[in-house]
Amino acid sequence: MALNGVTIRTPTPSDASGISAIDAQGLATGHATFRDTPYDWKSFSESFLVGRGLALVAEDAAGIAAWAGVSPTSARAVYRGVGEVSIYVSTEKQGGGLGRHLLEAIVAASEDAGYWTLVAQIFPENEASLSLHSALGFEAVGLRKRLGQMGYGPFEGRWRDVIMLERRSRSIG
Ligand SMILES: CC(C)(COP(=O)(O)OP(=O)(O)OC[C@H]1O[C@@H](n2cnc3c(N)ncnc32)[C@H](O)[C@@H]1OP(=O)(O)O)[C@@H](O)C(=O)NCCC(=O)NCCS
């Protein structure tokens, strides 16, 4: 599905501040990630743009509106097609189909890059993310109980469950 006025492309260093700002909005919800520090260009590119990693940004006339990335889950050759996906849409642009558009794009890009399984790890409270990933064929494979302790934000100190979802490609592997 195309989205009017939105371009999807590979990020460059000049996108760093836009990516970081969107990431900070996600962290501030307390329901996006255990990470306590927004990505800067160094940590973003080390996570998503080296080796088998990949990343995309969605841009409209106002600038970067969302980012998504896939990072390998293991260095073992047998798992070379298994990656973990991340997606963050700016607060102002949420609920308008951009997350779906970008997740579709990164899933397609991951298959082009040879990934056959994408994993997503989502807090049970993150209904928007669960809904989005389910809509694109991710299935819950388990509940990881009290997996980590939040180190910051509105839920600091709380041990959090995480739902593990997977999307198995029908065309790769
Ligand atoms: C999760 C997130 C990426 C969704 O992006 P979005 O652009 O708002 O999502 P979309 O508008 O494309 O909606 C996608 C689907 O999710 C559903 N959805 C969106 N917001 C929702 C909400 N608050 N509650 C329930 N479902 C919701 C929509 O109904 C839609 O389903 P449909 O296609 O069947 O109608 C976005 O909310 C976000 O960036 N959140 C902060 C960061 C974060 O939590 N990232 C995920 C970490 S695991």
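The values are calculated or read from the model by the stated rules, or taken from the named source; none is laboratory data. Note that the structure is a prediction, hence the values are computed from the model and not measured. Cβ: placed from backbone, ideal geometry, glycine included. Neighbour counts: every protein chain shown. Quick note on the areas: whole protein, heavy atoms, side chains included, nothing else; ligands and nucleic acids left out. Shrake-Rupley method; radii C 1.70, N 1.55, O 1.52, S 1.80 Å.
The residue of region 105-129 that is nearest to Thr73 (Cα to Cα), among those that are within 8 Å of the ligand (Cβ to nearest atom) and assigned to a helix (DSSP H, G or I), is Ser129.
Those residues that are aliphatic (A, V, I, L, M), closer than 12 Å to Ser86 by Cα and in a loop (DSSP other than H, G, I, E, B), I need them from region 12-60; list them, please. Walk me through how you get there before you give the answer.
Taking region 12-60 as the starting set, the residues that turn out to be aliphatic (A, V, I, L, M) are 16, 19, 21-22, 24, 27-28, 32, 49-50, 54-58.
Then keep just the ones that are closer than 12 Å to Ser86 by Cα; that gives 32, 54-57.
Matches in region 12-60: Ala32 only.
Considering only region 26-55, state which residues are open to solvent by 60 Å² or more (accessible area, probe 1.4 Å) and within 14 Å of the ligand (Cβ to nearest atom). Those that are open to solvent by 60 Å² or more (accessible area, probe 1.4 Å) and within 14 Å of the ligand (Cβ to nearest atom): Ala28, Thr29, Phe34.
One line per residue, one yes/no per condition, for (1) more than 25 Å from Glu127 (Cα to Cα); (2) free of Cβ contacts under 8 Å to residues at least 60 places away in the same chain; (3) under 16 Å from the mean Cα position of the chain (by Cα):
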| site | (1), (2), (3) |
| --- | --- |
| Val6 | no, no, no |
| Thr10 | yes, yes, yes |
| Asp15 | yes, yes, no |
| Ser20 | no, yes, yes |
| Leu27 | no, no, yes |
| Gly30 | no, no, yes |
| Tyr39 | no, yes, yes |
| Gly51 | yes, yes, no |
| Ala55 | no, yes, yes |
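So, in region 77-101, exactly how many residues are near the ligand (Cβ under 6 Å from one of its atoms) and assigned to a loop (DSSP other than H, G, I, E, B)? If you could, list the steps in order and put the result at the bottom.
So in region 77-101, the residues near the ligand (Cβ under 6 Å from one of its atoms) come out as 87-89, 94-100.
Imposing the further condition that a residue be assigned to a loop (DSSP other than H, G, I, E, B) reduces the set to 94-97.
Selection size over region 77-101: 4.
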